[in-house]
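The values are calculated or read from the model by the stated rules, or taken from the named source; none is laboratory data. Model, not experiment: these values are computed from the prediction. Note that we place each Cβ from the backbone using ideal geometry, even for glycine, and neighbour counts take in every protein chain shown. These area figures cover heavy atoms from the full protein model, side chains too; ligands, DNA and RNA do not enter into them. Shrake-Rupley method; radii C 1.70, N 1.55, O 1.52, S 1.80 Å.
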Amino acid sequence: MPEIKLNNVLDANKFLQGKIERTPLLTFDSLSEFIGFDVYFKAELFQKTGSFKIRGILNKLRSLNVVQKKTGVVAMSAGDHAVSLAIITSRLRIPCVVILPTGAVKSKMSIIKKTGARIIIRKNNLWDACIKMQEKYGLTVIHPFDDPLVIAGQGTIGLEILNDLPNVDMIFIPVGGGGLISGISLAVKSINPKVKVIGVEPENAPTLYLSIHHDNLIKLRNCKTIADGLAARYVGKNTLSISKKYVDNVVLVSDKEIIKSMKMILKYGKILTEPSAAAAFAAVLFKKVLIKPGSKIACLISGVNQNEDEILKMLNYYKKNDRKK
């Protein structure tokens, strides 16, 4: 695959103008006072498809020719990539097949079903199932994180953060397969190398963390975490290569810390997030890295495609467990 550069992100940003939401960078004074420094939230949950995924998908779909669009696309996903792809392809009238893991979030599956996309459930080997569909029907694979065009599309978030907060000191980004952090870190570091980029993973899904520390792609057997969108068993070759070059640190947070962060965002910002979207703030709230007083911190709220009942059920479950302890 070709090397991804800043120009690719700038090109994607130009293409996406008017096609996606220009999501806000929010700050809540009471929360910043509680934390002890200025915290800003890049609110990608306000995207048209409920998550940042629309950026990379649209940037990838523009590369398809007429025949490829008529034949259709296929993708594997834990949820958000599939949701965004299904919504977008439905609007563009492109046939779509998504391969989901067993135990996929019901509300996300419901959204996909309404678009008319074909859903295939697999316990494991989702990528193999994806390739078989490609070979059998000639479908174009839309990789959830390791495609250069997808990575470039996600990187546009970094450009927006720098534009809205030029003096940002640190940016915290949730990590699944690495497409988001590789795109943002490439864009941000290419423009301002002084900004620290921190990746955040669940303790039970430390794919990028282990891959960087072992200097090799590490595949996990299981990724049991409440943050389903971050439960990637491995990162990509491209995302690992870029992250090794541009990411300053990768830290781990527990499911319990993620839940508490969700509650803090709800309490101070009145925003109900899904677990994957609260992971970045969890690293800030629980001081996973040293943050100097007076720093300006940006945290990515990557999206929300779980319904309120599911999210509130999780919050209540952990609240009851805390009482028992």
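Under the combined filter of DSSP loop state and at most 16 neighbouring Cβ atoms within 10 Å, the stretch 1-82 retains these trypsin sites (Lys or Arg not before Pro): 5, 19, 22, 48, 62. Along the axis of the charge dipole computed for the chain (Cβ charges of +1 for Lys and Arg, -1 for Asp and Glu, origin at the Cα centre), the listed residues 179, 58, 104 are led at the positive end by 104. This model, with +1 at the C-beta of Lys and Arg and -1 at the C-beta of Asp and Glu, gives the stretch 169-232 a dipole about its Cα centre of some 100 debye. Between 284, 145, 158, the Cα set farthest toward the positive side of the dipole of the chain (charges on each charged residue's Cβ, about the Cα centre) is that of 145.
Calculated translational diffusion coefficient of the stretch 191-236 (25 °C, 0.890 mPa s; Stokes-Einstein with Kirkwood radius over alpha-carbon pairs) equals 212 µm²/s. The mean sequence distance of close C-alpha pairs (under 8 Å, at least 6 residues apart), as a share of the length of the stretch 1-108, puts its relative contact order at 20 percent. Counting lysine pairs in the stretch 119-229 that sit 8 or more residues apart in sequence, or on different chains, and whose Cα atoms lie under 29 Å apart gives 10.
Computed over all pairs of different Cα atoms, the Kirkwood value for the hydrodynamic radius of the stretch 1-115 is 16.2 Å. Taking all Cα pairs closer than 8 Å and separated by 6 or more residues, the relative contact order of the chain comes to 21 percent. Separation of the alpha carbons by more than 22 angstrom is noted, of 256/287; 69/114; 5/53; 256/292, for 256/292.
Of the two radii for the chain, the radius of gyration is 0.94 times the Kirkwood radius, both from the alpha carbons; that is the Rg over Rh value. Considering all different alpha carbon pairs of the stretch 80-139, the Kirkwood hydrodynamic radius works out to 11.7 Å. The stretch between residue 137 and residue 11, if pulled fully straight at 0.36 nm per residue, gains 42.2 nm over its current Cα-Cα span.
Considering only protein heavy atoms and a 1.4 Å probe, what is the carbon-and-sulfur percentage of the accessible area of the chain? The nonpolar share, carbon plus sulfur, comes to 50 percent.
Under 17 Å from a label point set 7 Å out along the Cα-to-Cβ vector of residue 63, the amide N atoms of the stretch 1-42 belong to 1-16. The mean sequence distance of close C-alpha pairs (under 8 Å, at least 6 residues apart), as a share of the length of the stretch 179-232, puts its relative contact order at 29 percent. Once you have a ≥ b ≥ c as the square roots of the Cα gyration tensor eigenvalues for the stretch 75-212, tell me rounded if a/c is under 1.5, and otherwise prolate or oblate according to whether a/b is larger than b/c. The shape class here is prolate.
A 1.4 Å probe run over the chain, with the rest of the protein chains in place, finds 45 Å² accessible per residue.
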